[in-house]
Amino acid sequence: MDLHQALRAASLPAGLTFQAYRHRTESDLKGAIRTGGAVRLVKGAFAEGKSIAFTHRREIDENFLRLAGMMLSEEARENGFYPIFGTHDDRIIDRIIRMAHRRGWPADAYEFEMLYGVRCRYQEQLVRSGAKLRLYLPFGTDWRPYAVRRVGECPQNAAFLIRSLVRR
Ligand SMILES: Cc1cc2nc3c(=O)[nH]c(=O)nc-3n(C[C@H](O)[C@H](O)[C@H](O)COP(=O)(O)OP(=O)(O)OC[C@H]3O[C@@H](n4cnc5c(N)ncnc54)[C@H](O)[C@@H]3O)c2cc1C
């Protein structure tokens with residue numbers, strides 16, 4: 001967060017990613033909303049201990065929605081804050097869209113982000129419904145560490161990885 005502040009002070013484009021499973025995210029987010037800028041909220045991909053994080057899916061989802069409520073608050077809008085929701089969870093996305101609509105946020109004042117190749121039909125459906133969606137597309141030659149992390153996060157990705165290696 002210090003690095004982010006230094007980059008913004010130097011007028012460089014930089015944003016933050018916060019994990020909804022972390023207990024400290026609520027206070028970090030309050031600070032980020034106060035100063036404007038952009039935050040991407042994700043559930044969190046790593047195995048963390050109970051002392052620093054929520055570990056049950058239901059708790060993480062509830063906290064995600066609570067934090068999303070802060071990101072779509074009046075204060076956030078007044079401060080020029082830009083909310084970004086990095087999730088493929090359609091139940092959460094539906095609730096965020098309804099919340100944003102109720103609170104008067106236009107569809108282009110916030111965005112969803114998903115991984116390229118994950119739930120492609122749903123991605124198209126979301127864009128057709130008028131939502132703003134950005135796809136996270138890593139590229140480059142050093143693909144192994146990225147691929148290993150994605151498989152750790154979602155074991156079905158092992159099949160995607162093997163298929164794409166075989167096609168090569
Ligand atoms: C743009 C972006 C940036 C991210 N940056 C970070 C970061 O900096 N730090 C961090 O800790 N985490 C990061 N993540 C990962 C995030 O924390 C979650 O682990 C991941 O997005 C899965 O959670 P979900 O919200 O999609 O919900 P889930 O409930 O896990 O998934 C919802 C649905 O999407 C499907 N799905 C989800 N992920 C995948 C996948 N990888 N492959 C195939 N199907 C999938 C599931 O099968 C499920 O049906 C990022 C995610 C995105 C989209």
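Could you calculate the FRET efficiency of SER73 with SER164 from 1/(1 + (r/R0)^6), where r is the beta carbon distance between them and R0 is 45 Å, rounded to 0.05? Intermediate results must be reported in sequence, preceding the final value.
Details: r = 41 Å, r/R0 = 0.92.
It comes out at approximately 0.65.
Here the simple spin-label model places points 7 Å from the Cα toward Cβ, and for ASP94 and THR141 these points are separated by 4.7 nm. Taking the square roots of 5 times each eigenvalue of the Cα gyration tensor of segment 57-132, largest first, gives ellipsoid semi-axes of 20, 16, 10 Å. Here each label is just a point 7 Å from Cα along the line to Cβ, and for VAL151 and ARG66 those points are 3.7 nm apart. Normalised by residue count, segment 11-103 yields a Cα convex hull volume of 98 Å³ per residue. What the Cα atoms of the chain give is an Rg and a Dmax of 16.9, 51 Å.
Provide the net charge surrounding LEU65, with neighbours chosen by a C-beta distance below 12 Å and charges set as Lys +1, Arg +1, Asp -1, Glu -1. Overall, the nearby charge balance is +1.
Note on the chain: with a GNM built from Cα contacts shorter than 10 Å, the maximum mean-square fluctuation among ASN157, ASN63, ASN79 falls on ASN157.
Each Cα pair under 8 Å and six or more residues apart adds its sequence gap; the mean of these over the residue count of the chain is a relative contact order of 16 percent. When the helix-only estimate is applied to the chain (DSSP H runs of n ≥ 4, each -39,500 (n - 2.57), divided by the residue count), what is the mean residue ellipticity at 222 nm, nearest 500 deg cm²/dmol? Helix-only estimate at 222 nm: -14000 deg cm²/dmol.
For the residues GLN123, GLN19, GLN156, a GNM of the chain with alpha-carbon springs under 10 Å puts the largest fluctuation on GLN156.
Every number here is computed from the coordinates shown, using simple stated rules; none is lab data. These numbers come from a predicted model, not from an experiment. So basically every Cβ, Gly included, is an ideal-geometry build from the backbone, and we count neighbours across all protein chains shown.
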